[in-house]
Amino acid sequence: MRFYDPFREFDVLRREIERAFDSARRGGTWRQSFLPGREPRGYPLVNMWEDTDNVYVEALAPGLNPESLELSVVRNQLTIAGEKVTTNGSIAPEKYHRTERAGGKFIRTFTLPAEVEDEKVQAEYKSGLLRVSLPKAEVAKPRQIAVSVS
Amino acid sequence: MAENTIATKEHEMKATPQESTHEPERYVTPAVDIYESDEGLHLMADMPGLDQSDINVSVENDVLTIKGTNRWKTGGEGMLIQEFEPLGYYRQFTLGSKIDQNSIKASYRHGVLELKLPFAAEAKPKQIQVRVA
C-alpha cells in the first residue's frame, strides 16, 4: 500500500529523464554515470585494458557475496557471474526509509581482444572491486620479427 | 493503519541540500539503503574501492557526513572498455533528534559502508505490561 507522495513523483520523473539521456550518453562524450542505482544497464561496470602480455579487467561490484562469484573463460570470452547481497526480504517494507541499492544475481560476458591462457588467470576481490588479470596466450602475443637488410 | 505508518517518520534522516552543491565534479552520491529496527537505524552505502584511511564519517550540528576519497587508479594505455572512473563519495543526512549521536558505529566490508545509528534510550520502544485484574 502506498500513499501519494509528490517527491516520489519527482523521483520517477528524474529517472525517466535519465533513461532518455542514457542512450545519448553511451554514444556521445558524456561521462558515464558512476555507480548507477537501479538503472537498467550493464552490471557490474567494467574497465578493460591491455598491454603486450596481459588483459586487465576491473569491475565495480560492491557488496557481493564472494562465494557466489564465478569467473569463466572460454577462448576469448570472459564471463563474470555472481550475486549482490540485498537486505530485501529480511526487513519489513515499512521499516525502510530509503532503498536505492539494487541487488540480485547478475551475469555479464565480455569479448577479450586476444585468447588467454585460462590456467593462469588471476582474480582478486577486495573492497568491492574485482580485479582480473588474464595473460595472453603465446600465439596471441605480438612477435618482433627481425628484418635482415641485405 | 495510516497513523501507524506515519508515526515512524519522526526518526527519519533527511538528505540535506548541501549534498548537491559539494564539488559535483569530484564526488558522487553513493546509493544508500536505510532501514529501521528496534535498536536504531541502519545505513548501508555502496562505496567500492576504499581503504580504511580513505573513509570519513562525522557528525556535526546534527548533520551526518559520509565521505570517501578514492585514491586507486584504473586503466592504462590500451584502454578497451571504460565504463567508470574512480571518484570520491560524498553524502550528508540530517539526523533526527532520536539518534544517539555518540554511539554511532561504522564498518566497511566488500565495498559497503554500514552504519549503525542507535536510538537514544528514551526513544526506544518500551513494552508496558498490562495487568489483568
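Since every read-out is calculated from the coordinates, none of them should be taken as a lab result. No experiment lies behind these values; they were computed from the predicted model shown. For neighbour counting, all protein chains shown are included, and Cβ atoms are generated from backbone atoms with ideal geometry for every residue, glycine included.
Annotations
- For the residues of A:100-108, the average number of beta carbons from a partner chain within 10 Å of their own beta carbon is 2.
- Of the residues A:TRP49, B:TRP72, the one with the fewest other Cβ atoms within 10 Å heads the list, and the complete ranking is B:TRP72, A:TRP49.
- Paramagnetic reach from A:GLU124 in region B:50-81 [backbone N under 17 Å; point 7 Å along Cα→Cβ]: B:50-53, B:71-76
- The mean number of Cβ atoms from other chains found within 10 Å of a Cβ in peptide B:72-79 is 5, as a whole number.
- Cα-Cα over 19 Å, subset of B:LYS67/B:LYS116; B:LYS73/B:LYS116; A:LYS126/B:LYS73: B:LYS73/B:LYS116
- Exercise: per-residue mean of other protein chain Cβ atoms within 10 Å, B:50-62: 1
- Among A:137-149, B:33-45, B:56-68, sorting by the average number of other beta carbon atoms lying within 10 angstrom of each residue, highest first, gives B:33-45, B:56-68, A:137-149.
- Among the chymotrypsin sites (Phe, Trp or Tyr not before Pro) within region A:102-139, not one is in coil by DSSP while having at most 12 neighbouring Cβ atoms inside 10 Å.
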